[in-house]
Structures are given as structure tokens and as C-alpha cells.
Amino acid sequence: MPTATDLDLLQGTLDTLVLKALTWGPRHGYAVARWIRQTTRDELEVEEGALYTALHRMHRRGWLKAEWGLSENNRKAKYYSLTPAGRGELGRSADQWSRYSRAVVRVLEASA
Amino acid sequence: MSWRGFKRLFTLDTGRPDLDAEVDRELEFHFASSVADLMAEGLDETAARAEAERRFGSATRTRAGLIQIDHHREDRVRRIERLEALLHDLRLALRSLARQPGFVLTVAVTLGLGIGANATMVGLVDRLVFRAPAHVTDADQVVQLSLTQVHPTFGSFTNTGVAWPDYVLAQRTAGFSATAAFYTGRLTLGRGLEAQRVNVTMASAGFFPLLGVRPLIGRFYSEEEDRIGAGTPVAVLGERFWRRQFGADRAVLGSSIRLGSNLFTVIGVAPRGFTGIELNAVDVWIPVGSGAVEMLGPNTDWSTTRNWEWVRVLARFRPGARPEASEAALTTSYRGEIASDPDRNQNSTFNLHPVIAGKGPEAPRSTQVTIWLAAVSVVVLLITCANVANLLLARGARRQREIAVRLALGSRRRRLVAELLLEVIILAVAGGVLALLVAYWGGAAIRSFLLPDIDWVGSPLDGRVAAVTWLATLLTIVVAGLVPAIHGSRPDLNQSLKSGSQASGRDPRQARLRRTLLVAQTALSVVLLMGAGLFVQSLRNVVDLDLGFEPRGLLVATADVAGSGLTREQRAQLATRLLEEVRRFPGVTSASLGMAIPFQTRYSTRLRLPDRDSVPRLPTGNPSYNVISPEFFATTGMRLVVGRTFSATDAEGSAPVMIVNETMARTYWPGEPAVGHCVMIGDDSVPPCAEVVGVVEDSRRAELREDPIMQYFVPVTQASGLGMSFDRTLYLKVAGSTDQMVEPIRRAMISAAPEVAWANVTPMESFLEPHLQPWRLGASMFGIFGLLALIVAAVGLYGVMAYSVATRTREFGVRGALGASAGTIAGQVLSEGLRLTLLGLVIGGVAALGGAGLIASLLFDTSPRDPVVFATVTGALLLAAGVASLLPAVRAARIAPADALRTE
């Protein structure tokens, strides 16, 4: 089980969320932000600036690819989608997350 | 091409998409969408905007971060793209080359030979001329002494051999921190059948510390062991000899070896490759104190006389000393010492020379030849470059349509140039690799076949040679590759596309360039071939030279009886016994006794004429004599002009007789017959007068080319009566190969006389060999280079003609259709090839004639404008040109009109 500081945790978490948001096909940055907000029912407040930083960083790392396309209201928007590498990364980080949360839950529910 | 253009050749388009604007656009879209959604949820515009900004966080910081990330990404992408483009080009180039293996092979082999020849010669010149002697520390501070003696009528003679008293002078000269003396010769090692001759350097004890060399094992000898007249017989072995003779066994230290008449204790081994300041391998080093008896003979006054200039002197400068000051001081004290000596000249001067081989006062002729050959190899490289450039141009022209199509389809020109250049680089690298092999094998071959006596250390392919190879390769890429690459990528689009491949190659600019290259290359080849021809002619002249005796089939045998304690009479008897022994030997057709060996030894003594106050002199010195038995002239092939040879009647005690050579007869008795006159021989107050009974033709004494010398002969029976010392030499004439007779005769001599320590049997020709070697070296190397140039020139001509025919298929076809005969067409192609060659011949011939004076000094009895050589070179080149154009000519003649018209 890897140890992680709060910041790493947060960043890793954000990456995982963004990757997950893109599993249903190409989305622009605003759509990703909106999806995360709606899915977490506003419980997880994600600063949108950080979200864009995550998108660009993962683009640089080759996990995402980016293309300009037309949005639902016919405006030019930058669409991100998963590359095979991104898909692999999502699998890895999701798996890591579940193990981490299971362990935490086990600790919290432990009786004596 | 400008520098920017050149740089662009290797980089891709630098115009990158505007990353900043993209980030802005992305963020604008985000805010617009966010505000719109919030307003749809019921917020007014101001509140919605505020909420959107709150949700986003710091827009400025984020924007800067995003831009930075994107720039990094862009850079990486570009790097990868560039690498991929390069790999792509590389694949393309390789594929395009693979389609023409013949072309690739021709270019790579041409380059390999051209560059390899250069690397080989650079390796040789480096070792022979520029490299300091091995194991010598601060070699630039070490100098060798030479004495230049000026004679009023005969000019000046410079010699590095000086008299021992001159060495004593040098020892006292200020400015030197150390001086040392050495002398190189050969001694017999061991006795009897197992004996061998070894190269010995006799050196003063200071020799090793002066040079700064350390022994490999053991030690060098001390001043104490090198005391003159009381030296200790110790020996230091050369590493090569130690390895060969003793299997590199350390136990050799302390053991004794027999050198000449004495036993020497081995005290050390010199480091590998240490040869003092000379190039040739040294087997054994011995002190002067104990070695002089062996090296110089028992009763010599070598340490006091100025009449014998033999020892070579080294000196090391004190820090800050001025060489001119030392030279002047030496010269002054020398002139002081010889002031009362009428035989010495007051204009004599001492000079100091660097010890780096080839820079000395007597730069060996083979060094001169080697430097010449290095220059020649550069010419070969130029020819190679011209040829490769030509082949590339022809190939580029053939692909012009393909290139035009690609340009029309939007390929960037610099990509095409890069691709063409890449092909050249691949070819050059292949050539470079071949060149390294050529340098390695070529260097090894020259070392062992042409310069075998030099103690070579290290591989012929060292770092310096490899560096030169790659430098030459780089040069070739630039010279031979860049022009065709740029040229090839710039076809006239319209023209090429319209007229098709046939005419596109006939761009007049290109054709002119190719023809110029071809003519230049032919001209350079002519110059090289002329050089080769002149050297071959020289070698032939040297070999065929009439020496006044016949060296072929002649063997010279001496018996080393040092240490045997034989008296003079016993030695004479031994010689007679050995003569009878070898005379009966199968294969020996004639045998005689003699003393002096041409090119090896000479003797002279005082002569007087009974009726005159003084004897005439020649610049070449006093007459030298030889002591011979009657069969001598028959054995050596010397020719009697008048009178008679010696006979049995010229016995000990009968009237003394002599035979003189033509020069002596002419000098002593001009205008009258020599026979009948008499000459008083020897130092006695009333010496016996020997009557001249015959005159023989002149023969060479020490040099292949020498001014006339005086020589005379006396019979062995009368030598001691004339006060002449007499060391017997056997002369044998054999039928067939002399080399195969050496060992059997040597064994026969030793088994016939057990008191002989060493029997030395040597073909006369091997005494001449050192004199032939520079010419042999020159002839073989120039020959190889000349042949190389001829082949390259022929390949070049073939390439150009074949290409020319290929591009004119239609023309020949049409002419065939119009009734021109195959012979006419073939003749036209042939004459075109020959015309180009003739032009090259004329230019090269003029250049060769102009430069002829430069190599005149290296030739032997050969005019640098030798008409036979000129004619031969012209013939060889025309023949090669004919052969090279024949195939294209036949191809042109065979073009069927229908095919030709269809190719369009």
C-alpha cells in the first residue's frame, strides 16, 4: 500500500476523476468539470483551474489526446479523450483507490 | 547556400501553432459555458460571472501554468517528429541505395581505397617523420651533432659520424646538460652453426639517462662499467630480441652471451620499441668501453684519431640554453684544435639537429619518398572525391524526374537535399569503414614487406590514423556530396516533367560539371601515372645498372675467427683451405679470394710514383685497393681492358705487380698506356715498386651513382710483402638462386673449419638492397597509387559514358531509324570518351611536365620528362579509356529504334 501526502493524494485523485470522466467518450474541459460536480453531488469541491492543469498535464504525458471540435451549442471547444495509455492509467489508479479506501474503511469499522 | 539555409536543411519547420491563443480560447469557452449554465439556474449575469470565477480559482496563474505545460509538450513532440523524420529518411535512403548495389559497391570501394590509402600513408609519415623516438623524454631538447666540412673545390660534406675527439669536445661544451656517444653495427652472437649476426648498438653509459629511458627489467650500465680501456663486458638486450631469442625469460639476467670474441653478462632489457634515436630495431646494447674491441677491431686508435669519423653524438640542452650558442662554441673549440692540422679545414662547422626521424641532416631517402607518397595519396583522395561526386551527379540526374515529381507533389526541397545528403553520408561511412580495413592491412603490409627493419610498435591503425580516416571521410562528404545533393534537388520542374527522364538529365550545366570533374580526375591520374612510370623506370635503371661487376649469382663469404687466437699465417691458410672447400661445392662455378667488398668495405694506403714529387688526386679520394687471387675478375665479372690478370707466377717474393682501373690509369698516366709503369706502395721509406700489368674497367665502390674513383688490385701472394693487412673474403659465383646456396655453403665452411666462430655468406645483391630500397618503395607505392588512379579514372569515365548513353536512348534510336549504322553510333560514343580522356591527358601531361623538376632528385638516371614513360602512360590511359567507353558504345549501337521511341 503506497503512502501519500495530502497533496499527492489530491492530485492523484483529480487525475483519476478526470480520466474516469472521459471513459464515455471525448469531452471538453467544462463538461468534465460539470460531470464531476454533478456526480459527486457537490460534495467534492474541485477547483476548476486545477482540473484544467490536470487535463493539460495528462495530455503532455500522453494519457489524453486533444482535438478542437464543435460543442453542443456550436462553439469551438477543445475535446479531450483517453489514449490507450490513459485507459491503462485509469485502471491502475482506480484499483489503487479502491484498495486504499477499503483499507481505510476496515480501520474505521474495526471493533477494538 | 546561406548558413540559415544550411541550418534549415536539418531542422523542421519551426513555425509552431500559437499555444497561448489556444489556451485563451479554451478558457474563454469554459467561462462562457459556465456563466450560461449558472444563468440558466437563475443567477443574474454579474452573480453568475462571480460564481464561475470563484469555481475556477486563479485564472491568471492557471493560464500561465497551462501555457508552460503545452510548450513542454510541443517541444517533446517536435523532437520525436524530427527523429522519426530522420529515421524515415534513413530508411528511404537505405532502400534507394539497396536498389543499386553495384553503384553502392563502386562508391564504397572507391572511397575505401582512396581514404584508406591516405590513412595508411599518414600512419607511415607520422611514425617516420613526426613522432619523437619512443621512450625519449622531452625529445625536443635532445639534438644530434653533425660536422660539415667544406672543401674549396669539392663542396661541403655533412656527416653525423664524427671523430671520438669531437665527442670529447662536445662533453666540454656549455649549454649541454648531458652528452652521449653511440655507434651501430653488427656482431656475431654465439659460435659455429648456431651463431647468428645481431644488430648491436654500442653506446656510452650516459646514453640511457640522457634520453630518459628506463629499463624494462634489470638495469642499464654505469659510467664505471663503460671506462675506456677498462670497460666491463655487460649487455642490455632489446625487447624484441629478448622475446625472440630468450622467449622473454627473466632468468636471462646474469647469464652470458658471446658477442664476437668476448662473453657479455646480460644485465637488463630495454623497453619495447626503444631503438635510441633511430628507427631500426636494436638487438643488443653494449658499453663503448668493453664493446669497442668487438665493434671497431683490436688495434685501432679510435679514441685519439681525427681521421676516423664514426661515432654519433647526442646532447641534451640545459633549460634555457641557446642552440646557436652551443653550435658556435663547439665550432670555435674544434677550429682551435685542428689549427695545426693541414688536412683539416678551418671552415668546418658543427650543427645540431633534432632527433626526430627524418628531420636529421641525412633525412633518409626512404623518408623523402614517404613524404612524397603522402602527397600523392592526397591526390588519390582528390581523384576519389571527383569520381564519387561524378557518380553521385549521374545518379542524381537519373532520378531527376522522380525528384521533380516529388517537388511538384509538395515535398520540401530541404527534405530532398537532406535525403540525398543522407545517402552520401551512408556511402561515406561505408567507405570509411572499408578505409579503416585498408589502413590496417595496408599499413601492416608496407611495414613487413617494404620497411621490415624498422622496430614497429603498436598497430598500424592507431588513434591518429583513425582520426585522419574519419576526417578524410567528413571531407569527402562535404566535397563529393554536398554539391550533387543540392544540384540534384533543384531541377527545372517544368522542363523535367514535360520532357521526361530522358532529356532531364541533359541539363547542360550538369553535363558540363560532370565533364569538368572527369577531365580533372583524368589529369590527376596522368600526373600520378607519370610519377609511377618514372619511379618504375628509375628502379629498372638501378637494377640494370652496370656496376662494373655482376652482382647476380655472386656470394660473398667471410669467416669470423675473432677469439680463436689464430696467427696471421694461420688465417691465410684457413682462407685458402676454405676456398678449396667451397670451390668444390656443387653449384659453385667459380671462386676466388678478395678483401674489400663493394658497398661494404674499402681500404687505402700511401702511394708514390718513382719519377714524380706528388701523386695526382681526385675529389673521390686516394685510390682504394683490393687484394685478390687470380680468378677474382672471372668470379666477379669485372672486365680486363688491356694487359693480363694475375697468375701463379706472381708469387710471394717474385717481382711485385698490380692491376689498376681505367680511372686510375687515366689519372696517373694521362695520354699514355699504364701498363709498364710502376707504383710504390706503402709507408716504408723505400717501398717496393709494383709494376702495372693490366687495366680493368671501373666498378662502383660504395654508391650506385658516384664520381669516378681510383682502384687498384694486388695479388694475395704479395700483399704482406707490400705491408698490407689482409682480411680474407671469399667470392663465389653460383649458378641459380643465391638465396638457396647461403645456408649449405655456410654449413660447409663451419664443418670444414671448427675454429670459425661464424661464417657469413651473403648474396652480393643484399649489399645493394639498401641502395635499391628507396626506389623499390617509390616504384611499388607509386605503382599501386597510379594503378588505383587509373582504375578510378576508368570507372569514372565508364559511369559518365554509360549515363550519357542512357539519357540519349531516343537520339540514338532516331538516328538508327534514319539509317546510321551501328558502327557509326558506337564510333561516336567511343570518340566522345576518348576526347574527354585526351583533354585530361593534355592537361595532366602539361602539369606533369611542369612539376617534373620537383621529383628529378628522387629519380635515377631517368629524365623527369622521359618520353618512353610519357608514351606508356598515354597508351595505358587511352587503352583504359577505350575499354571504359566500349561497353556504353556497344549499348548505344544496339538500341533498337522502336524501343527507343517507346521509352518515352
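The values are calculated or read from the model by the stated rules, or taken from the named source; none is laboratory data. What you see is a predicted model; the values in this text were computed from it and never measured. Here the Cβ is made from the backbone with ideal geometry for all residues, glycine too, and neighbour counts use every protein chain on show.
Worth pointing out:
- Residue count for region B:293-332, restricted to those that are crowded, with 18+ Cβ neighbours inside 10 Å, part of a helix (DSSP H, G or I) and modelled with pLDDT of 90 or more: 5
- Single residue of B:E225, B:E278, B:E239 found to be within 29 Å of B:F317 (Cα to Cα), modelled with pLDDT under 90 and out of contact with any Cys (no Cβ under 7 Å at 6 or more places or on another chain): B:E278
- Among all residues of region B:528-535, there is none that is modelled with pLDDT of 85 or more, under 41 Å from the mean Cα position of the chain (by Cα) and part of a loop (DSSP other than H, G, I, E, B).
- Criterion violated by B:R91 - all others in (1) under 57 Å from the mean Cα position of the chain (by Cα); (2) within 14 Å of chain A (Cβ to nearest Cβ) satisfied: (2)
A quick yes/no check of all residues on (1) modelled with pLDDT of 90 or more; (2) assigned to a strand (DSSP E or B); (3) within 30 Å of the chain's Cα centre (by Cα); (4) under 30 Å from B:G190 (Cα atoms):
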{"site": "B:E703", "(1), (2), (3), (4)": "no, no, yes, no"}
{"site": "B:V714", "(1), (2), (3), (4)": "yes, yes, no, no"}
{"site": "B:D727", "(1), (2), (3), (4)": "no, no, no, yes"}
{"site": "B:K733", "(1), (2), (3), (4)": "yes, yes, no, yes"}
{"site": "B:S737", "(1), (2), (3), (4)": "no, no, yes, yes"}
{"site": "B:P744", "(1), (2), (3), (4)": "no, no, no, yes"}
{"site": "B:R747", "(1), (2), (3), (4)": "no, no, no, yes"}
{"site": "B:S766", "(1), (2), (3), (4)": "no, no, yes, yes"}
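- Some residue of region B:113-123 being in contact with a Cys (Cβ under 8 Å, 6 or more places away or on another chain), away from chain A (no Cβ under 14 Å), in a helix (DSSP H, G or I) and surrounded by 17 or more Cβ atoms within 10 Å (Cβ to Cβ): yes
- Checked across region B:35-44, the condition of being within 9 Å of chain A (Cβ to nearest Cβ) and touching a His at 6+ places or on another chain (Cβ under 8 Å) holds for no residue.
- Residues in region B:611-639 that are of a type outside the set (S, T, Y) and surrounded by fewer than 17 Cβ atoms within 10 Å (Cβ to Cβ): B:D611, B:R612, B:D613, B:V615, B:P616, B:R617, B:L618, B:P619, B:G621, B:N622, B:A634, B:R639.
- Scanning region B:50-60 for residues that are of a type in the set (D, E, K, R) and either touching a residue at least 60 places away in the same chain (Cβ under 8 Å) or more than 7 Å from chain A (Cβ to nearest Cβ) (or both) yields B:E51, B:E53, B:R54.
- Scanning region B:571-623 for residues that are under 42 Å from the mean Cα position of the chain (by Cα), under 21 Å from B:G682 (Cα atoms) and free of Cβ contacts under 8 Å to residues at least 12 places away in the same chain yields a count of 2.
- Being surrounded by 16 or more Cβ atoms within 10 Å (Cβ to Cβ), in contact with a helix residue (DSSP H, G or I) (Cβ under 7 Å, 6 or more places away or on another chain) and among the basic types (K, R) is not true of B:R335.
- Within region A:43-76, restricting attention to residues that are in a loop (DSSP other than H, G, I, E, B) and away from chain B (no Cβ under 11 Å), the residue that is surrounded by the most Cβ atoms within 10 Å (Cβ to Cβ) is A:W63.
- Taking the listed residues B:L427, B:L471, B:L451, B:L381, the one that is under 16 Å from B:G112 (Cβ atoms), crowded, with 18+ Cβ neighbours inside 10 Å and either among the polar types (S, T, N, Q) or within 23 Å of the chain's Cα centre (by Cα) (or both) is B:L381, with no other qualifying.
- The set of residues from region A:60-106 being in contact with a strand residue (DSSP E or B) (Cβ under 8 Å, 6 or more places away or on another chain) and more than 12 Å from A:L19 (Cβ to Cβ) comprises A:K65, A:A66, A:E67, A:W68, A:G69, A:L70, A:S71, A:K76, A:A77, A:K78, A:Y79.
- Subset of region B:596-613 (residues that are of a type in the set (V, I, T) and more than 21 Å from B:H771 (Cα to Cα)): B:T605
- Within region B:144-256, strands (runs of 3 or more DSSP E) holding 2 or more residues that are closer than 30 Å to B:F767 by Cα and among the aliphatic types (A, V, I, L, M): B:176-189, B:196-203, B:234-237
- Some residue of region A:21-28 being crowded, with 20+ Cβ neighbours inside 10 Å, modelled with pLDDT under 90, outside any helix (DSSP H, G or I) and within 10 Å of chain B (Cβ to nearest Cβ): no
- Across region B:261-292, the qualifying residues are those that are crowded, with 22+ Cβ neighbours inside 10 Å and among the polar types (S, T, N, Q), and the one among them that is farthest from B:V198 (Cα to Cα) is B:S290.
- Every test in (1) within 14 Å of chain B (Cβ to nearest Cβ); (2) at pLDDT 90 or above; (3) surrounded by 17 or more Cβ atoms within 10 Å (Cβ to Cβ) is passed by A:I36 save one, and that test is (2).
- Of everything in region B:632-656 that is part of a loop (DSSP other than H, G, I, E, B) and at positive phi, the residue that is farthest from the chain's Cα centre (by Cα) is B:G653.
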